[in-house]
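The values are calculated or read from the model by the stated rules, or taken from the named source; none is laboratory data. Keep in mind that what you see is a predicted model, and the values were worked out from it rather than measured. When we count neighbours, we look across all protein chains shown, and the Cβ atoms used for this are built from the backbone with ideal geometry, even at glycine. Just so you know, the surface numbers come from the protein's heavy atoms only, side chains and all, with ligands and any DNA or RNA stripped out. Shrake-Rupley method; radii C 1.70, N 1.55, O 1.52, S 1.80 Å.
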Amino acid sequence: MASHDPHSYADLEQAAIRHVTFDLRMDFGQRQLAGTALYELDRPVQGTLDLDTRDLTIVSAEASGRPLSPELGSPDPIRGQRLRLKGLHGASSFKLQFVTSPGANALQWLTPAQTAGGRQPFLFTQCQPHHARSIFPCQDSPSVRFTYDATLDVPSPLAAVMAAAPIGREESGGRRRFTFRMPQSIPSYLLAFAAGEIDSRDLSPRIRVYAEPETLDAAAWELAETEAMLAEAEKLYGAYPWERYDMLVLPPSFPYGGMENPRLTFLTPTVVVGDRSLTNVIAHELAHSWTGNLVTNATWEDFWLNEGWTTYAERRILEALEGEESAMLRAISGRLLMARAMDRFGWDADATRLQFSQAGIDPEDVISHVAYEKGYSFLVRLERAVGRQAFDAFTHRYIADHRFQSITTEAFVAFLRRELPQAARRVDLKSWLYEPGLPADAPDFPTPLMDAVSSVLFDLQEGHPPTKDGVAQWNTTQIYLFLQYLPRHLSLKECRALEDALSLKTTPIDLFLSQWLEIAIQSEYRDVLPVAEDLVGRVGRMLIILPVFRAIVQAEWSRPRARPLFERVRSGHHPITVRAMENLLALQGL
């Protein structure tokens, strides 16, 4: 088999999927989807066709009315099971019937108690990076793009939403059938849908927010300025290519800040804090509409092409809205997050390279801030080498020439050498893309906003903790940066002083609380343990809870509480989050 992607069984010399028609029925009692999918290929298949699956039951397979012979290979912990279809005999379409496992990686089934309303169950998907194969047999590689139609069958009174254009709804026999169409081609990791007690509100003619009824008002207020953000993004990167930009604020167990599903971005409720200070998450997911969704990394070995470009685009959008100082402050914060990731991996580790072989490696194990922030710094380095005007012109050509395509790092380098040769000559591409750590010529991000933070950090080092008045004028990013730069071990007196100065007992911003609790636990400030355990149980966003859980696992005084805490909260977390927590426990022999 000529597999082009180390995380997929797909052999694109056989054929590539171009369109899928889904019919999916949700069974909340069994926590399963029963589905059929009609596949259309880019060419007839004379021999076999290999697809990706994970924990799927294949009920039937046919082509042109003839039964096919499906063969499931042995399970692989990273790639799942290969589904080999035989007997296609020149067919260019086929139909599969399948049932998902109750433990499907891409699906989280929530009980009513796990929702804001407490009345109805909820289901949402998370397919990135390689979990779509647990929903339906597919070529689960970002290099394969397809369009689709879908019908989602749910029990009344639930509503279904999808990252696609809604077409209609029917209701009978205690069930509802929602139909959707996705006219733009996407890779499998961007397939997304949800069902539950969901309401909506229009924010502009092309933007709508969906949420549970209890959270809709707050979500609509928090996200009300999205249209202005979209308008700035279009000034930078051209007309929005997906027609609508809708958003769904999910229940707390969603494991990420956001997921850039075209037409329906999924969002964590942790961005809804009442002051619009965390809507940089929206800028990031919105930027993916061009960098990631429109131009996509060909494999997860090229992940920086999605996230480095998107982090760059996010900060350009925020610079237009908030000013250069604010964008630079966010870049400093991101650089620190990247450095901590490199500390964990080791600065010479493969995972600190932008592009490296991931054969035999689960992409979940090496996804980190490196792709985002080292990728961002690389692009800033290219921009500064030639000037913003030349780099912006290059960016427009890059997006225009690769629309609805998936590309490799090598293809990017070839395009850069051809279209912006002066940057390719002035920047050491090998060092930035293929070598570990951060190159010595990494750009810096000076800003007076950081100078104010540095001054207070120096005062703390000299024995003078900050006061409420001293930080009263700081913005959200300055407070977050201050918490990031704090020593990991403080005295109990310093802990109590900081807790008071930054109002950490009452902050609605869980990002602040996460940074603080990580430090407090390592400082053996035992008063915070109930708060830390509460945070790990009620929030699903991994950026927030994994540092806190890691601190609980690693600190000798709190370590005995780690396994009981995990067992208590695991049922409320997404399978991706559970796996990450299990890995932290395993590293400590727990």
Going through the range 86-116 in order, the residues found to be open to solvent by less than 40 Å² (accessible area, probe 1.4 Å), of a type in the set (A, V, I, L, M, F, W, C) and without any contact (Cβ under 8 Å) to a residue 40 or more places away in the chain are A106
R579 passes all but one of the listed conditions (1) open to solvent by 30 Å² or more (accessible area, probe 1.4 Å); (2) of a type in the set (D, E, K, R); (3) over 19 Å from the mean Cα position of the chain (by Cα); the exception is number (3)
The strands (runs of 3 or more DSSP E) lying entirely within the range 1-111 that contain at least 1 residues which are more than 29 Å from R579 (Cβ to Cβ) and not β-branched (V, I, T) are 17-27, 32-45, 49-53, 57-63, 69-72, 81-86, 91-99
Note on the range 9-31: residues closer than 25 Å to I167 by Cβ, touching a residue at least 24 places away in the same chain (Cβ under 8 Å) and open to solvent by 50 Å² or more (accessible area, probe 1.4 Å) are R18, T21, D23, R25
message = Condition (residue is touching a residue at least 12 places away in the same chain (Cβ under 8 Å), in contact with a Ser or Thr (Cβ under 8 Å, 6 or more places away or on another chain), more than 30 Å from S143 (Cα to Cα) and outside any strand (DSSP E or B)) applied to the range 182-192: is it met by at least one residue?
response = no
Counting only residues in the range 341-354 that are of a type outside the set (A, V, I, L, M) and open to solvent by less than 30 Å² (accessible area, probe 1.4 Å), the one farthest from P439 (Cα to Cα) is identified as G346
Log entry, pairs with first residue in the range 309-328 being surrounded by fewer than 20 Cβ atoms within 10 Å (Cβ to Cβ), second being charged (D, E, K, R), beta carbons closer than 6 Å, six or more apart or on different chains, reads A320/E232; L321/E232
Just a yes or no: is a residue in the range 117-133 within 22 Å of I207 (Cβ to Cβ), open to solvent by less than 20 Å² (accessible area, probe 1.4 Å) and in a strand (DSSP E or B)?
-> yes
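If you scan the range 405-457, which residues turn out to be touching an Asp or Glu at 6+ places or on another chain (Cβ under 6 Å), more than 17 Å from G308 (Cβ to Cβ) and open to solvent by 30 Å² or more (accessible area, probe 1.4 Å)?
L449
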In the range 49-62, anything under 16 Å from S93 (Cα atoms) and either of a type in the set (D, E, K, R) or surrounded by fewer than 16 Cβ atoms within 10 Å (Cβ to Cβ) (or both) is listed as D50, S60, E62
